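Worksheet: one structure, shown below.
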Amino acid sequence: MAELESSESATSWEQRTIEKVALAAITEQRRARMWGIFFKMLLFIYLFALLFIGMGWFGKKDISPGKHTALVDLSGIISANTPASSENVMAGLQDAFKDKRTQGVILRINSPGGSPVQAGYISDEMKRLRTKYPNIPLYAVVEDICASGGYYVAAAADRIYIDKASIIGSIGVLMDGFGFTGTLEKLGIERRLLAAGDNKGFLDPFSPLLESQKQHAEQMLAQIHQQFIGVVRAGRGTRLKETPDMFSGLMWVGEKTIEMGLTDELGSIEYVAREVIKAEDIVDFTPRENVAERLARKFGAGMAEGLARFGVTQGMTLK
């Protein structure tokens with residue numbers, strides 16, 4: 001009898017022990033599950049915050065509550081789908097002029113040039129805004145370089161401020177490319193170009209250069225060059241002291257360009273804001289590309305590369 005009770009007691013103890021172990025395991029699983037949910041929520045919040053920042057919902061420009069100088073950047077190659085595109089620069093200028101607290105606008109330029117079309121769009125919009133808002137001055141402030149298309153844009157400002165070491169000029173137009181016909185012959189490669197239209201293969205780098213096509217290209221460049229010269233003359237007016245080489249494509253260093261009338265005065269953005277516009281607070285109106293826009297642009301570029309292309313192989317730039 002005692003042995004039976006002892007056996008039942010041992011069995012009962014084993015059951016209780018198993019139950020405790022099972023309950024402990026269940027509790028541990030629940031605790032692990034709760035911590036897992038907690039860390040997943042933290043990760044979700046972190047990713048959601050990044051999305052907000054990337055979409056541009058956070059980090060908007062800090063608009064000064066009082067009177068200020070508006071700043072818009074034009075930096076890099078002037079080309080479509082870049083930070084220095086006409087779409088970006090024009091949007092920044094429009095926002096800057098529309099703000100009722102803006103006392104003056106500075107277009108900060110650091111560009112070697114680029115597309116004559118994009119530069120022309122920006123120049124035309126600057127003239128329009130100056131006419132629409134006659135009481136708000138528009139100044140160009142040059143940093144390292146303002147050449148070619150960059151100067152095309154700067155000429156539309158009321159005044160151009162520079163540093164003594166800034167590089168200014170390059171008033172000309174360039175169409176560049178390569179010719180590989182001799183190389184192909186040496187390698188025994190035959191070029192097969194099929195086109196509908198006598199000049200559809202215009203300046204094809206793998207075909208011999210035709211004199212008629214060369215002359216046509218030079219005529220186009222000359223026309224755009226004259227447009228460029230007209231913009232500079234109209235923008236600079238009587239300040240311009242023309243020399244035989246002014247429109248030859250040469251560039252000059254800062255102070256020399258003041259003597260030539262290509263620019264007006266030495267001065268940084270801080271100087272112009274403080275001493276010229278008389279509004280020391282500077283508010284940046286430059287549109288900034290967010291993550292979503294960058295992804296969309298890259299996706300669009302990838303799609304475009306997959307499509308059949310129709311057009312010429314050469315690029316034309318103000319240089």
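The values are calculated or read from the model by the stated rules, or taken from the named source; none is laboratory data. Values in this document were obtained by computation on a predicted structure and should not be read as measured data. In this analysis, Cβ positions are derived from the backbone assuming ideal geometry, glycine residues included, and neighbour counts consider all displayed protein chains. The protein model used for the area step is the full one, side chains on, heavy atoms only, and it has no ligands, DNA or RNA in it. Shrake-Rupley method; radii C 1.70, N 1.55, O 1.52, S 1.80 Å.
List the pairs whose first member sits in region 262-284 and is more than 26 Å from Ser148 (Cβ to Cβ), whose second member is open to solvent by less than 70 Å² (accessible area, probe 1.4 Å) and assigned to a helix (DSSP H, G or I), and whose Cβ atoms are under 7 Å apart, counting only residues at least 6 apart or on separate chains?
Ala279/Ala273; Glu280/Ala273; Ile282/Ile269; Ile282/Ala273
Starting from region 133-147, take each residue that is more than 14 Å from Asp264 (Cα to Cα) and list its partners that are among the aromatic types (Phe, Trp, Tyr) and open to solvent by less than 30 Å² (accessible area, probe 1.4 Å), counting only C-beta distances under 7 angstrom and pairs at least six apart or across chains.
From residues that are more than 14 Å from Asp264 (Cα to Cα), the pairs are Tyr133/Phe97; Ile136/Phe97.
I'm trying to understand the selection: among the residues of region 262-289, which are among the charged types (D, E, K, R) and under 25 Å from the mean Cα position of the chain (by Cα)?
Glu270, Asp281, Asp284, Arg288, Glu289
Given the conditions (1) under 17 Å from the mean Cα position of the chain (by Cα); (2) closer than 30 Å to Leu203 by Cβ; (3) not polar (S, T, N, Q), report the number of the one that Asp124 does not fulfil.
Checking Asp124 against (1) under 17 Å from the mean Cα position of the chain (by Cα); (2) closer than 30 Å to Leu203 by Cβ; (3) not polar (S, T, N, Q), the one that fails is (1).
What's the total number of residues in region 78-116 that are among the β-branched types (Val, Ile, Thr) and in contact with a His (Cβ under 8 Å, 6 or more places away or on another chain)?
So the answer is 1.
Listed here are the residues, each with its yes/no results for (1) within 30 Å of Gln103 (Cβ to Cβ); (2) open to solvent by 10 Å² or more (accessible area, probe 1.4 Å).
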| position | (1), (2) |
| --- | --- |
| Ile171 | no, no |
| Asn199 | no, yes |
| Ser212 | no, yes |
| Phe228 | no, no |
| Val231 | yes, yes |
| Leu240 | yes, yes |
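Please verify whether region 63-73 includes one or more residues that are over 30 Å from Ile145 (Cα atoms) and modelled with pLDDT of 70 or more.
Yes - at least one qualifying residue is present in region 63-73.
For the list (1) touching a helix residue (DSSP H, G or I) at 6+ places or on another chain (Cβ under 6 Å); (2) open to solvent by 40 Å² or more (accessible area, probe 1.4 Å); (3) farther than 15 Å from Leu107 by Cα, I need the number of the one condition that Phe247 fails.
Failing condition for Phe247: (2).
Going through Ala222, Ala273, Ala217 one at a time, which residue ends up being modelled with pLDDT under 95, part of a helix (DSSP H, G or I) and surrounded by 15 or more Cβ atoms within 10 Å (Cβ to Cβ)?
Exactly one residue qualifies, and that residue is Ala217.
Give just the number: which of (1) of a type outside the set (D, E, K, R); (2) within 25 Å of Leu250 (Cβ to Cβ); (3) surrounded by fewer than 14 Cβ atoms within 10 Å (Cβ to Cβ) does Gly188 not satisfy?
So Gly188 meets the others, but not (2).
Is there a residue being surrounded by 14 or more Cβ atoms within 10 Å (Cβ to Cβ), closer than 27 Å to Glu87 by Cα and in contact with a Pro (Cβ under 6 Å, 6 or more places away or on another chain) anywhere in region 176-185?
no
Go through region 128-152 and report how many residues are closer than 20 Å to Asp99 by Cα, in contact with a helix residue (DSSP H, G or I) (Cβ under 8 Å, 6 or more places away or on another chain) and either in a helix (DSSP H, G or I) or open to solvent by less than 10 Å² (accessible area, probe 1.4 Å) (or both). Spell out how you get there, then give the answer.
Narrowing region 128-152 to residues closer than 20 Å to Asp99 by Cα: 128-140.
Next, from what is left, pick out any that are in contact with a helix residue (DSSP H, G or I) (Cβ under 8 Å, 6 or more places away or on another chain): 129, 132-133, 136-140.
Next, only the ones that are either in a helix (DSSP H, G or I) or open to solvent by less than 10 Å² (accessible area, probe 1.4 Å) (or both) stay: 129, 132, 138, 140.
Qualifying residue count, region 128-152: 4.
Being within 14 Å of Tyr139 (Cβ to Cβ) and either of a type in the set (Val, Ile, Thr) or in a helix (DSSP H, G or I) (or both) is the filter here, so list the residues in region 90-127 that pass it.
Hits for region 90-127 are Leu93, Ala96, Phe97, Thr102, Val105, Ile106, Ile109, Met126.
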